[in-house]
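The values are calculated or read from the model by the stated rules, or taken from the named source; none is laboratory data. None of the values given here were measured: they were computed from a predicted structure. A quick note on method: Cβ atoms are made from the backbone with ideal geometry, for glycine too, and the neighbour counts reach across all protein chains shown. The protein model used for the area step is the full one, side chains on, heavy atoms only, and it has no ligands, DNA or RNA in it. Shrake-Rupley method; radii C 1.70, N 1.55, O 1.52, S 1.80 Å.
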Amino acid sequence: MSYSRALLINIITLIGHWSTKSGSFIFCGLFWCNLGIAKANAENNVLVIHSYDRELSETKQQQIGIEQGFAETNSKTNIFHEFLDGKTHPHLEHRHQFISYINKKYQRLPIDLLMVVGDPSLNLILQQHDRYFSNIPVVFLGINNLRQDMLDTPWLTGVVENPTVKDTAIEATRQMWTDTIIVINDTTEMGKVNLEQIAEIKQIRNKALKVEVVNDLFPQEIKNRLGQYPDNVPILLLGQLRQNNNSRSLIDPQQDAEILQSRIPNPIYTENAVRLGRGVVGGKVFDADYHTRQAVELAQKILNGVKPDEIGPILMGKNRWVFDYRQLLRYNIQLDLLPNESELLYLEPPFYVRYRTLVIIIALSFLSTILTIVLLMEKIRKRAIANRILQENEQRYKDLAEAGANVFWELDAKLRYSYISGDIKDLCGLQPASLLGRYPPDLHRDNTNLDVDWELFEQITKERKPFKNFTFSLQDEEGVRIFKINGNPLFDQDFKFIGYRGVKQEITAEQNLYKKIAYQATYDDLTGLINRREFNEKLKYSVQRAQKYRTEAVLCYLDLDRFKIVNDTAGHLIGDRLLSELAQLLQSMIRKGDTLGRLGGDEFGLLLEGCSITEAEQICEQLISTINNYRLKWNSVEFDVGVSIGIVGITSTSTDATEILSRADVACYQAKNLGRGRIYVVENNHQEIDLEQTKMGHIANVSQAIKENRFYLVKQLIKPIVDDGQQRQHYEILLRLKDRTGKLVTPEQFIPVAERYGVITIVDRWVLEATLKSYARNFAPNKALVSINLSGASINDERFTNYAIDLIRKSNVPGECLCFEITETAAIAQITHAQKFIKAMKNLGVKFALDDFGSGVSSFTYLKNLAVDYLKIDGSLVKNILNEECDRAIVNSINEVAHLMGIKTIAEFVENDQILKHLSEISIDYAQGYIMGKPIDLNS
């Protein structure tokens, strides 16, 4: 692009208006410019007009940032810098001379783009653009306020700074535990802009700060003007210090903080990154480098052919909390009191890091000395330990040999007793001394009271294997006693066998206890049947056998009918007697190879091996008939009970024992539902009973959750994609449910069930009432708009309509603060009812959103007949918008049609920056998703 012709015309026009006043600086540098024109004609030429003096540190930083930004793009771009010096001449008396200077200096150079830095230069260009710079696009940066006329200017775009003064002021007073802050400003044009931010500090909500503003401060009067304040009152250095009272010159920001700190003890805070490390504590500083890079990116796009009004402006900058660690120590500010993600400058490393090499050398030398001493001591210690262990072992073996409960024995190489201790008269009636030299089998084989596996004994000794829990028993007048032997073969240094050494222990008590525990772990004490655990093991084995050998078996789940009447009438003792008698009765009727077990309470399990479903039905019918004929008499009262039985086949296709048992349990429950005293057969692939049971459980949970306060609400932010700060907050209210154990039950698990069984309207009533009650605490201060989901059943129910109207009117919540979300499917299914409901609520000021648009029939014809304010685009389309062209086209189409109808659009499931950027490009109004904010508990 080239604007040289237009520029030349402007220069000719300007000559007539050129004033000679203060024009001496105008011709400075023209010779240098002419030398580069030949080179610049073949490349893009960018003219940067800075608002302030070239020697100012901020100006230098911006100049370097712009140069580096264009260099990183690898584009052939010439950058020219001019400086308006707006702080020395705040009223810009020289603006006409400056414009004339610019036009004359660059009259032979085609300028492709103007960049203006700061408000003074931007205001000058806005005034003079049409006259002198027509057709040249302009990119601004370093601007604090974006006016509407700037947004309406087609040739203008840029980057707006985010003011951080208010946050820094709050943090400074919080750190210093005071409600007073001193703000140093100046009366330059920039200082006037600062007044708006100072006003924001004074108007901070919920925090009354006393703000003292000091203007045009110069070094000689610092102590006089600031010495009256306490030392802990923080100073926010917003403007610049002046050289003296008579001079309009300002002190560079890189120097004024150091001057101020040298004169007063108060902590100094700043929002200017240039002052960091020069005596200030820190603050929330604006990232000028990032800001400059954003402006360069916009400029590069315009140079590549994009129009300014298509790409901007950028309203969000980047701010960082940065603090000087040295100043934090000086003012005793704790690190844990700093804001999250704060950066620390000049954090000195610990001593061991600075002198790591020296520390390592000293530590190694010390460790070497210690190690030498330890090795010497260890050698001495081991010798003493060896002597002590030898003595202890001798005593240990002596104590073992003399222990009354154990017998210590040894055999020689010929397997004859060579040593024995303890009383063994109970085995052979002999004293230990008389056994020496005897072979154990010869000594004990003829004792009929001993039960010993002598063949195993001889096999072990022949193979020179150890005795591991070799068990035998003895019958005497006390009964059967059980013993065990443990021993190891002995070998000399040449590995020649020299005998055995071991112990004998009596384990009668342990064996009896083990048998008792094993019985209790396997059998039910009341009925004598196997218990549930053992029954499950047999069921697992039966399933495994069916899978491996393709055998057949049947599981029957028995639940007594009317048993509770017996317990409640006659008591648990009579109930236990009935269970015991029925268990014996059932046991007598089943086949020898079948398994009957008590599963708990009045429930029994019957496992029929090698049995078909037909045969199992016949057996179960006999059991039902027998139990129906059974009577239990108590105090002239005669009780009768029945039984319901669920039957499940076990085949090679059966998967899991637990699943089969659960299926049989549900089948038994279904038999009871169908009238009791009957059987119900479930095929292996039958899932309906399980699903029915699960659904009924959800219904019970939904019905009881309201009474048990297990429902709770969360809110999720719906945020404008282009946020000008003027729009009010918008949240969607979401419903959550916890079961009785505190585990979260997802809405997908209980909402469909509640809708199917007609209790969803009860849930909707609770949600509406709970939202209205919580509005004052959570949303009233900002008059936020809250969206509440309603089901199709509720909007079609006139009673709910009347209830909602009455509830809203009685509450203190304006209808304008409420928005009802109804799904596209529900609205279209009953469009007449939906229209009536919307009309009734609109009379109260309530807004409406059509939810999940795009997931159903998505007819725009229906959309014309529904007076909705928002259209929520279904998340399944949004999350694939980057990869699926079809989804991208659908979303774009929905958005365009909605905007034509005056309806705002909300994109759901916005999960990353790439999706958000694309939605912004196609002008979606709002975004909702984890990147904007996760759901938050209202009670948190």
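The candidates R550, R147, arranged from most to least accessible area with a 1.4 Å probe in the full protein assembly, appear as R550, R147.
The fraction of accessible area contributed by carbon and sulfur in region 405-513 is 48 percent, rounded to a whole number (1.4 Å probe; ligands and nucleic acids excluded). For K538, a cut-off of 25 angstrom between C-alpha atoms picks up these lysines, skipping any fewer than 8 places away in its own chain: K515, K516, K548, K592. Taking Lys and Arg as +1 and Asp and Glu as -1, the other residues whose beta-carbon sits under 12 Å from that of A169 total 0. On a per residue basis, the chain carries 52 Å² of accessible surface, using protein heavy atoms and a 1.4 Å probe. Placing a label point 7 Å from the Cα of K864 along the Cα-to-Cβ direction, the residues of region 893-923 with a backbone N closer than 16 Å are 897-903. Please give me the summed charge of the neighbours of R676: other residues whose Cβ is under 15 Å from its Cβ, Lys and Arg +1, Asp and Glu -1. Local charge sum for R676: -2. What whole number of Å gives the distance from the Cα centroid of region 182-222 to the Cα centroid of region 702-762? After rounding, the separation between the Cα centres reads 46 Å.
Considering only the chain, what is the antiparallel percent among its DSSP beta bridges, to the nearest 5?
The answer is about 55 percent antiparallel.
Using a simple spin-label model with pseudo-atoms 7 Å out from Cα toward Cβ, T653 and R147 lie 8.1 nm apart. Fully extending the segment from Q726 to Q520 would add 66.7 nm, taking 0.36 nm per residue of separation and subtracting the current Cα-Cα distance. With a simple spin-label model that places each label point 7 Å from the Cα along the Cα-to-Cβ direction, the separation between R205 and N244 comes to 4.9 nm. By the helix-only formula, in which each DSSP H run with n ≥ 4 contributes -39500 (n - 2.57) and the sum is divided by residues, the chain has a 222 nm mean residue ellipticity of -13500 deg cm²/dmol. Within straight-line reach of K192, meaning a Cα separation under 15 Å, sit the following aspartates and glutamates at least 8 residues removed in sequence or on another chain: D119, E200, D216.
With each label modelled as a point 7 angstrom along the Cα→C-beta vector, the E621-S365 pair spans 10.1 nm.
Using a 10 Å cut-off on Cβ atoms, rank the peptides 190-199, 278-287 from the highest mean neighbour count down.
Ranking the peptides 190-199, 278-287 by packing returns 278-287, 190-199.
Counting protein heavy atoms only, region 702-937 has 49 percent of its accessible area on carbon and sulfur, 1.4 angstrom probe.
Treating r as the C-beta distance of D130 and E55 and R0 as 51 Å, the FRET efficiency rounds to 0.95.
If you take the Cα centroid of region 51-75 and the Cα centroid of region 511-553, the two points sit 84 Å apart.
Of all lysines in the structure, the ones whose alpha carbon falls short of 25 Å from that of K872, not counting any fewer than 8 places away in one chain, are K715, K719, K783, K836, K839, K842, K847, K864, K904, K917, K934. With a cut-off of 13 Å on the backbone N, the residues of region 601-633 near the modelled label site 7 Å out from R562 along Cα-Cβ are 627-633.
Rounded to the nearest percent, how much of the accessible area of region 522-698 (1.4 Å probe, protein heavy atoms only) is carbon and sulfur?
On region 522-698, the fraction of accessible area on carbon and sulfur atoms equals 47 percent.
Counting only alpha carbon atoms, the long axis of helix 95-105 and the longest principal axis of the chain meet at about 90°. Dividing the Cα radius of gyration of the chain by its Kirkwood radius returns 1.18 for Rg/Rh. The gain in end-to-end length when the K592 to E638 segment is fully stretched comes to 13.4 nm, 0.36 nm per residue minus the alpha carbon separation. Calculated FRET efficiency, W454 to E510, Cβ-Cβ distance, R0 = 25 Å: about 0.55 to the nearest 0.05.
Residues whose amide H comes within less than 5 Å of that of S51, counting only those at least five positions distant or on another chain, are L84, V117, S121 (H built at 1.01 Å from N in the peptide plane). Under 5 Å between amide hydrogens, built in the peptide plane, is the criterion, and for W634 it picks out F639 among residues at least 5 positions away or on other chains.
Per-residue surface analysis assigns C817 an accessible area of about 10 Å², computed on protein heavy atoms at 1.4 Å probe radius. Annotation: extensible slack from E258 through T88 equals 59.0 nm (criterion: 0.36 nm per residue apart, minus Cα-Cα distance).
Given a Förster distance of 30 angstrom, what is the FRET efficiency for R320 paired with E896, based on the Cβ-Cβ distance and rounded to 0.05? With a Förster radius of 30 Å, E is 0.15.
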